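What follows is one structure encoded as structure tokens, with my remarks underneath.
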Amino acid sequence: PLPAARPPAPRLPPARLEVLPPPLPALERNPAQAARARAHAKVPPGVPLFVYAGDLEFSQGARMVADAIPAVLESVHDAFFVFACRTKTERARRARAVLQNKVARYADHVRFAGEVPDLPALIAAATAAPFPVDDLYGKVDLPYAVLEACLLQVPVIVPSRTPLEEIDGAMVIEPEDTRALARACIDIARDESLRRAVGTRQ
């Protein structure tokens, strides 16, 4: 015998979808604060600056930025890179040591700043904020540092096929594509109109 038909479910009102934005304050560029942030990181004024503010131990983001440094410096000789990453664990400290060894040849252009006193000001001083992070373990889907860069109209470079590509206007590269990362950094450093356009779209 066929099972008895179920009674129709009661009609429910349409669900309400509410978007709760992250609790970020309004951010504006402050040239004096940005200059202090550069000075604290020992980066000269006026040179192209790339700030990586991701993790050291769970994703390949820091390694990808480090691998892109030689190609970027070959084209943009005065560029600087700052790794603004907290070394919260022994594993993170070991990862930092590996990175420092990897980029030792370019040490004059690389700063491992650790936890900085004013990350938004350092990001505001940046030419771009490369964030080629493939694993957001321990973070929200759109980390605050990335959202702060967007609010400050600093171009972010993110990988496709991750939640990060949901950022409208961001520069999107293929995951693990170090050449594409270097090319994006070079283009942003050389082309002020591109830099403004990407920052504005974000």
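Observations on the model:
- Unique match (being of a type in the set (Gly, Ala, Ser), within 29 Å of Val172 (Cβ to Cβ) and surrounded by fewer than 18 Cβ atoms within 10 Å (Cβ to Cβ)) among Ser75, Ser59: Ser75
- The set of residues in segment 78-89 being open to solvent by 50 Å² or more (accessible area, probe 1.4 Å) and either in a strand (DSSP E or B) or modelled with pLDDT of 95 or more (or both) consists of Asp78 alone.
- Test: residue in segment 35-58 that is in a helix (DSSP H, G or I), at pLDDT 95 or above and under 24 Å from Arg183 (Cβ atoms): no
- Evaluation of Gly46 against (1) of a type outside the set (Asp, Glu); (2) at positive phi; (3) within 20 Å of the chain's Cα centre (by Cα) (one fails), failing number: (3)
- If only residues of segment 177-200 that are of a type in the set (A, V, I, L, M, F, W, C) and over 17 Å from the mean Cα position of the chain (by Cα) are counted, the one that is farthest from Ala71 (Cα to Cα) is Ala197.
- Beta carbons closer than 7 Å, at least 6 apart along the sequence or on distinct chains, pair a first residue in segment 24-52 that is free of Cβ contacts under 8 Å to residues at least 60 places away in the same chain with a second that is surrounded by fewer than 16 Cβ atoms within 10 Å (Cβ to Cβ) and among the charged types (D, E, K, R) for Val47/Asp78.
The values are calculated or read from the model by the stated rules, or taken from the named source; none is laboratory data. This structure is a prediction, so every number in the text was calculated from the model and none was measured. Heads up, the Cβs are rebuilt from the backbone with ideal geometry, glycines too, and the neighbour counts pull from every protein chain shown. These area figures cover heavy atoms from the full protein model, side chains too; ligands, DNA and RNA do not enter into them. Shrake-Rupley method; radii C 1.70, N 1.55, O 1.52, S 1.80 Å.
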